[in-house]
1. Could you order the peptides 636-643, 355-362, 1119-1126 from most to least packed, using the average number of other C-beta atoms within 10 Å per residue?
2. Do you know the relative contact order of segment 428-495, to the nearest whole percent, from alpha carbon pairs under 8 angstrom that are 6+ apart?
3. In whole Å, how far is the Cα centre of segment 855-874 from that of segment 629-683?
4. What nm value, rounded to one decimal, do you get for the distance between Asp620 and Asp29 when each label is placed 7 Å out toward the C-beta?
5. Please list, by residue number, every one of the chymotrypsin sites (Phe, Trp or Tyr not before Pro) in segment 166-196 that is coil in DSSP and has at most 11 other beta-carbon atoms within 10 Å.
6. Given R₀ = 22 Å, FRET efficiency for Glu1085-Thr651 by Cβ-Cβ distance, to 0.05?
7. Write out the GluC sites (Glu not before Pro) in segment 146-240 meeting two conditions: DSSP loop, and at most 12 other Cβ atoms within 10 Å of their Cβ.
8. If packing is taken as the average number of other Cβ atoms within 10 Å across a peptide's residues, how do 557-564, 325-332 rank, most packed first?
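Quick note: the coordinates plus some simple rules give every number you see, no bench work behind them. Fair warning: this is a prediction, and the values are worked out from it, not measured in the lab. Because the Cβ atoms are built from the backbone with ideal geometry, glycine has one as well, and the counts that use them run over all protein chains shown.
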Amino acid sequence: MTGNRQTHALIGRDHPAGVLRAEIGRAADSHGGLVLVTGEAGIGKSTLVAGAAEDARRLGALVLSGSCWDSENAPGYWPWVQVLRGLRRAAAGAEWAAAEEAAGGGLAVLLGEARGTEGVESFQLYDAVTSALVSVSQTRPVVVVLDDLHWADTASLRLLEFAAQHTWFERVLLVGTYRDVEVEPDDHPLRPLIMPLLARATTVTLTGLAPDEVGALMARTAGEEPDPALAAEVHRRTGGNPFFVEQTARLWRSGGTVTGVAPGVRDALRRRLSLLPAPVERLLTDAAVLGREFHRRVLAAAAGAPVPQVDRLLEQAVAARLVVAHGAGRFAFAHDLVRETLYGALDDTGEDGRAERHAAVVRALEGDAVPAGHVGPADLAHHARLAGDTLEPSRAVDHLLAAARDAGVRLAFEESIGHLWSALERAAQDEPRRHVVIGLDLGVELHARGEWQQSSRVLREAVERARALDDDELLARVALTLHRLGWRGETDQRLAGELVVEAHRRLVRDVPGEGGPYGREGRPGAQGGRTAGAGGAAGAGGRAARAEAAGAELDGPQLERLARELAVRAVVLARRGEDDEALSFSLWSRHDLMWGPGTAAEREALTEEMIAVARRASDDETERIAVSLSWVALLEQGDPRYLERFHAFVTMAEQDAGERMRMAAAMDRCIIAALGARFEEAEARFAEAVGAGDHHEDEHPGFAFVTDHVYWSMLLAQGRFDELDATHRRLVERGHPNPQLVAGITAAERGDVDGALRRLAEVSARPESLSRSEESLWLRFQAQAAAVSRDPELCERARRAIAPYADEWAVSFYGCDISGPMAYWLGRLDAAQERWDEAVDEFTAAAESADRLRAVVWAVTARAHLGEALLARGAPGDADAAAALLEDAEREAVAVGMRHVAERARQARLAPAPPPAVRVADGPDAPYAAREESDTARGGAVRGEAGPVREDAVRGGAVRGAPGAVSGPAAGAQEEAPAREFRREGAVWTLRLGGRTVHMPDAKGLRDLHTLLANPGTDIPAVRLLDPEGGELVVAARQLGGDDVLDEEAKARYKKRLTQLDQEIDRAVERGDDRRAADYDREREALLHELRAAAGLGGRSRRLGDEAERARKTVTARIRDTLRKLDERHPELAAHLRATVSTGAACRYQPDSGTGWRL
């Protein structure tokens, strides 16, 4: 319809235009009324009403208009004067005559044809104007438009109210526009006159355009379509105000940026701000310094005003629609242009300038001035940066570094790097040492993001500055940082090696002698050790040259050793200097440099110290990371306490709002769930972790591969081999440090011998590609490839590599890869070489270790292989025990989703039994019957001595079995078929009662029952059964009441001795007495182990009663589980034991008769 063309051309005003069209239509057909269109300046009120007027004219209405004038010189009734003049011009002769007659001559005063209005009563004027309008409406509808009523005189508004009341039933429509934000404040003189009009009017309030509507208006104004992001930015800055949008679009079209403020916009906003009371404008200026959004308490602190006063002033700003309330004490400027107009009015410098105001904000908001959560580190860093030279450099650097750490916690790495750049710049002049440390942190972050050239430049500058400062400890920090970083370029790698040598030469005073890496001249004693007077840049240059020469002669392992020694020395010096920041760095360096098999116990001690240091420094982030690494170190040692530390870390991480900790906790929970074969939970946690880090992978590509490696290990544990090829490709794409190693393990798991050996050769040819963090994974692969190939040489080589770590777990990538107990891989090697006794022992040890750690994946896997080894060995009872093991392994593997293990166990269980072994020689390959007889004749057991019946039944027999031990009456000659037998041979128990014999795999519940049967009628404490190796001292201690394991006096003695040991270690290191230092360090570690054993979660003193209760529950559960299994295998024995065995804090076997057992 052509009649709607104008209003449809309005953008984002369909509904308001529709309301006006409806009112005009009603006035044309029936009766009129009053419509008030409100909104801020520039919002489009006049444009909307102009379009409606065009629609009215098309309907045949007479449109009359008048505008108010913002001037004290405007005459009274000025908008109505314009209306009447328009009426006289537009009306036909007869119409105007009728109107004048109806008005009774009262119009002449307003038209200036008679004396002024002073002597005329208001009612006469109101009635005259109203009557004239009604008269014209008899022939055609009349629409009266009064614009800018916020500038009207009071008489004009009273006339409008009169006309609206007396023309309601006539075809007269009155339309007014005004800025509600200016009129509605309580102290505005027109408010009492405007408010009554609202009661009888239809109100149309215009607000800002939506983002897409802003884009459309920009396209119309500038003739070019903006992209959505630009339109969104303009919307945020203008609040969707059409006038502001048009002005900004014109600025953009002319080559300017949308962040500028167009002159017309600035003038409009300044005019609007000038209407505010002075205190409100001053407060909003303070708020403009804070930013677009702010909290009322923060604003009060920055303005130095009481909060109630600030609240009252903010209420006025909200009423003026310059500020909007977001709830919970938070406010924001209605749009950025308001804030920028206020902020732009400030001078750059001066006492009340921008820089000084930002510095004042920093000083006001530091400490406890504002409740936590209202001001973040990034906010303070922003103000510190803008404060420039008006804020002390050290203070500014503190805030910039805090913001960098906070951004890292949120995984906002780009933001973190920005803060580090700013901190580096501010520290350059006044804090040279700090400048070097910041440069190291920045270089490491840049390297992690893949910006290697930029990283190299920053780090080399740090090296130069450190050498120029002639600070030994600082140089050591630089050397350790670069060595740990693993620079890519050959030149950079050579520099890192030179720095290690140089720092080691200067800091580790007793360097190796003639046989060491430096030769005779390298000793500090030669030429006086450090060259006297060779400080500064010249001395640094000489030392650097010597280090370069020495470093060129050292290979990788030698540099590693020097770096580790340097880290130890750095720790000692940091402890001595009581510098927690330096100590934290040194401890981390030592921890990372020593990572690898055989170091878990020392790393555990280091993490304990890291936690203590972090707590002293209130460094929550470092404490959480150290707790996370402590559970990794405990697990690597096969210590079930790792679960306590794991749960402690998760609890701490869940209390933290940072994305990094939430992602880390989710990933750790995924790893532990997968270890326990809870794969659905693991998948959910994995998705949670990946979701938390999804938007940050590109920012930190150096660690992106870790998530894929964890997923690969989950797929491998479930035997989902068909999905692994895609995962391998992704590992390569994401920069996995050794994808050949992973592919080789997958090939071995699949049974692809050629593929495994090919990958083994590839990795072996590039030993430099293996990092410390994947050394255990490499050991696993060597064992696995050797086992599937059954190559004797490879098996022996792998055995030699793994044997020193037989009691540990293979843990790589800081706990992100758990490749099972080393005993399992030794068992695989033994099985490959058909060393069945050793294989049975190793698989048994692996399964037991996995049980202790609740590592279901490896417990099931180890037991499946144990069953196969027992079948292959074929000793008496092996077949029955193997059948039970394989049946249990298959059932559990099916239940948890380890499809490949279930199939392996099923095939082994259904395979034909191997022929019995026929061997004649005594020794490792002797027949099992002959070996048993020989060992018994010598008075010993295959795995231990029988010893005294009762004590060794607890400490030795129950652990490894004691063939030949008999309870009850004195033991005589062995019977051919004893009536009662409860005896262990390796991993198999032989159980006989009532003429029925069964064989069962080793279990802790069977050992507990063995101990009780060996001591009939005797109460055995549950704590002894829980820890048979602990002896009487442990039993006595754990049976005590609820006292602390260590009283305060004992703790003080421990502390004193630890202090003495630290001093002795320092002195020994200074003298170069490595042997004595190592002795002292071992004693120190033993003491720390005792202290940790006496402490519960979070360092609380452990209660002795806790130990007794734990023992009671654990032992009772173990015995009950064994009896349930006996119900199926040997119901008579199960019934006998239930009738004669009691459990509790003390357990007892009380038979009805004195018949003994062959144990």
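1. 355-362, 636-643, 1119-1126
2. 29
3. 27
4. 6.6
5. Working: sites: Trp168, Phe169, Tyr178; in loops: Trp168, Phe169.
When the chymotrypsin sites (Phe, Trp or Tyr not before Pro) of segment 166-196 are filtered for loop state and at most 11 Cβ neighbours within 10 Å, Phe169 remain.
6. Efficiency computed from Cβ-Cβ geometry: 0.20.
7. Those satisfying the criteria are Glu224.
8. Going by the mean number of other Cβ atoms within 10 Å, highest first, we get 557-564, 325-332.
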